[in-house]
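Participant: Sharing a structure, written as structure tokens. Questions coming.
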Amino acid sequence: MAQEKAAHINHEINAPEVRLIGVEGEQIGVVTLEIAISLANEAEIDLVEIAPTAQPPVCRLMDYGKFRYQESKKKHEAKLKQKQVQIKEVKFRPNTDEGDYNIKLRNLISFLADGDKAKVTLRFRGREMAHQEFGIRLLERIRDDLETYAIVEQFPRMEGRQMVMVLSPKKKEVKTAKPKEIKPRELKPSTTEKDSDTTQDAESLETNITIETKTRADKI
């Protein structure tokens, strides 16, 4: 792997003039290389060529040692965050016994849980080639047993004397939050309704009194 070329600094820069950027990122403008180096010396920092192919080249006033350290640290952190997806292979036979099957199945689950793809290889020997349907059934069983963990990226196919199926880890389902149940509010009677009810009660009472008085008068 070719090593990354280091940036030219100070007198390593060959251009007669450069477009200069200050320490705080401010644009100083196009100046001669001598002036740029002089400004770097006054500030006790370096003149670093950050865009050598530009016309004129772009340079910046900065602490080059600190700059290289920070860049190296950023690359290292980015590398740690990156995960290269690998394809892990697990081999089966058409007559794989139950105990061995369960062990291999756990290995597949472990690979998929780590975010890797899994290549399931089923090897046929001799007369087993005449009964490939047994291999298909076994791969279908593996597929069904791993339904929670994987999806089939490559369906079973023959490659020479072996049958191959590739599985990819299934993305985790995002659970949708259920909206909270809102209980209906009890509506309080308005003032108008209260007044109406009071009026109706009064009228009913007055009617009852009138009827009772008339009944007594008739009896007399």
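Participant: Add +1 for every Lys or Arg and -1 for every Asp or Glu among the other residues with Cβ under 15 Å from the Cβ of P94, and state the total.
Facilitator: Result for the local shell: +3.
Participant: Another one. Between R68 and E12, what length in nm is gained on full extension when 0.36 nm per residue of separation is reduced by their alpha carbon distance?
Facilitator: Once the chain is fully extended between R68 and E12, it gains 18.5 nm.
Participant: On a full-extension model of 0.36 nm per residue, what is the gain between E24 and F155, subtracting their alpha-carbon distance, rounded to one decimal in nm?
Facilitator: 41.5 nm is the gain from fully extending E24 to F155.
Participant: Order of V85, V18 from fewest to most other C-beta atoms within 10 Å?
Facilitator: Arranged by neighbour count, lowest to highest, V85, V18 become V85, V18.
Participant: How much net charge surrounds Q132 when only other residues with a Cβ under 14 Å from its Cβ are counted (Lys, Arg +1; Asp, Glu -1)?
Facilitator: +3
Participant: Another one. Using the alpha-carbon centroid of each, what span in Å lies between the stretch 137-156 and the stretch 72-129?
Facilitator: 13
Participant: Compute the distance in nm between two label points, each set 7 Å from the Cα along the Cα-to-Cβ direction, one at R137 and one at I50.
Facilitator: For R137 paired with I50, the spin-label model returns 6.8 nm.
Quick note: the coordinates plus some simple rules give every number you see, no bench work behind them. The structure presented is a predicted model; accordingly, all values stated were derived computationally and were not measured. Positions of Cβ are generated from backbone atoms using ideal geometry, with glycine treated the same way; all protein chains shown enter the neighbour counts.
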